[in-house]
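The values are calculated or read from the model by the stated rules, or taken from the named source; none is laboratory data. On a predicted model such as this, the values are computed, not experimentally measured, just so you know. Cβ placement follows ideal geometry from the backbone for every residue including glycine, while neighbour counts extend to all protein chains displayed. Heads up: the accessible areas ignore ligands, DNA and RNA and are worked out on the full protein's heavy atoms, side chains in. Shrake-Rupley method; radii C 1.70, N 1.55, O 1.52, S 1.80 Å.
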Amino acid sequence: MPCRASPPPPPALPTRRAVLATLGLGLLGAGCESPPALRIAGHPWPGYETLFLARTLGWLPPHITLLDTATLQDSLGLVHSNATDAVMLTLDEMLALREQGRELQAVLVFNVSRGADMLLARAGLRSLADLQGRRIGVEDSVLGTLMLALVLERAGLRRQDVKVHRIAYERHEAAWLGQEIDALITYEPVGGRLMAAGARQLLSTRQLPDTIFDVLAAPADLPAHHVRALRAAVATHFQALAHLRQNPWDAAYRQAPRLQVSAEAFIESLRGLELPDLVGNRRYLTAADSPLKQAAQRIGAIMQTAGLLQRPVNPGRLLSADYLPAT
């Protein structure tokens, strides 16, 4: 396992940074052989920045390694290759992995999208009905396909009524600026940058509440030597979340370069997210009427219709509050 690298000093100005650094963190444990560090994979997304902020501030426990990935697809690749122990991803992606045999459960709700996932269109497209016959760019992922299904449902259109272009997230800006598409299903931080460049938002998760949840997923049978580390990671998330709420501009100036946006754009992107605190997480992960469990059932049905799932969602071991702090 790589040795821990010192966290980079916070930037003085909100400058851009093109390369995401992967930091290896060693485990300070007792005995001759220390158990391996808990690896958590995550890509740039405003809702995930709490753990990366904790790393920047030097708060991340030494027995936890954050694996920086460029995209969600890269994070999923680490899951498939067993190169990570836990992963930051959307609920729908977790449901797809579960059907593939990965016994994952949500142990933390990072955020609920309230506008951060969106459909952008050219100036000439004024309504969802105007999408008929148009070229729609969308990421080739479960999340992208789910959002496409929701958009078409809202528009009263069928899949064959539009021309779908599957575009990797890292190419969304280039495809838009290159006039390859008429509309684009995307998310922050790219969405905010394109709107600043003149893109028109036709729909967002503000009109699709309790649909896109971002969670920390871990195996239901997590190895015993990782249990304590995962509890520490979840506790550190809430510590960093408190800092983000109390000192938003300090957090923004520290983390905006990782997302390749300005501090102002980072703050604006958070307006499209609900960041549940410990009380909110307890409700999402334990309540009998949990909105998260209800969303899993509703999203699962949509995913079945879209061909993303073959079977209804199995609610067993779907959620776990075991790693939340006691108070």
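Taking the range 197-224 as the search range and keeping residues that are among the acidic types (Asp, Glu) and out of contact with any Pro (no Cβ under 9 Å at 6 or more places or on another chain), which one is least open to solvent (accessible area, probe 1.4 Å)?
Here the answer is Asp214.
Within the range 240-281, restricting attention to residues that are polar (S, T, N, Q), within 18 Å of the chain's Cα centre (by Cα) and at pLDDT 95 or above, which residue is nearest to Ala116 (Cα to Cα)?
Of everything passing the filter in the range 240-281, Gln255 is nearest to Ala116 (Cα to Cα).
Starting from residues that are out of contact with any strand residue (DSSP E or B) (no Cβ under 7 Å at 6 or more places or on another chain), over 12 Å from Leu143 (Cα atoms) and of a type outside the set (Asp, Glu), keep the ones in the range 89-104 and report whichever is surrounded by the fewest Cβ atoms within 10 Å (Cβ to Cβ).
Looking at residues that are out of contact with any strand residue (DSSP E or B) (no Cβ under 7 Å at 6 or more places or on another chain), over 12 Å from Leu143 (Cα atoms) and of a type outside the set (Asp, Glu), I get Gly101.
Any idea which of (1) closer than 17 Å to Thr211 by Cβ; (2) open to solvent by 20 Å² or more (accessible area, probe 1.4 Å); (3) of a type outside the set (A, V, I, L, M, F, W, C) is the one Gln310 doesn't satisfy?
Exception for Gln310: condition (1).
Take the residues in the range 197-222 that are in contact (Cβ under 8 Å) with a residue 60 or more places away in the chain and more than 24 Å from Asp92 (Cα to Cα); name whichever of them is farthest from the chain's Cα centre (by Cα).
Ranking the candidates gives Gly198 first.
For the condition more than 23 Å from Leu208 (Cα to Cα) and open to solvent by less than 60 Å² (accessible area, probe 1.4 Å), what is the one hit in Val107, Val162?
So the residue among Val107, Val162 that is more than 23 Å from Leu208 (Cα to Cα) and open to solvent by less than 60 Å² (accessible area, probe 1.4 Å) is Val107.
So, Gly58, is that one more than 26 Å from Thr286 (Cβ to Cβ), small (Gly, Ala, Ser) and at pLDDT below 95 or not?
no
Could you tell me whether the range 6-25 includes any residue that is open to solvent by less than 60 Å² (accessible area, probe 1.4 Å) and either at pLDDT 95 or above or among the hydroxyl-bearing types (Ser, Thr, Tyr) (or both)?
No, the range 6-25 has no match at all.
Here are the criteria: (1) of a type outside the set (Asp, Glu); (2) open to solvent by 10 Å² or more (accessible area, probe 1.4 Å); (3) farther than 30 Å from Gly316 by Cβ; (4) not in a strand (DSSP E or B). Tell me which single one Leu194 does not satisfy.
(2)
Would you be able to tell me the number of residues in the range 256-283 that are among the hydroxyl-bearing types (Ser, Thr, Tyr) and either open to solvent by less than 20 Å² (accessible area, probe 1.4 Å) or touching a Gly at 6+ places or on another chain (Cβ under 7 Å) (or both)?
Going through the range 256-283 one residue at a time, the tally reaches 1.
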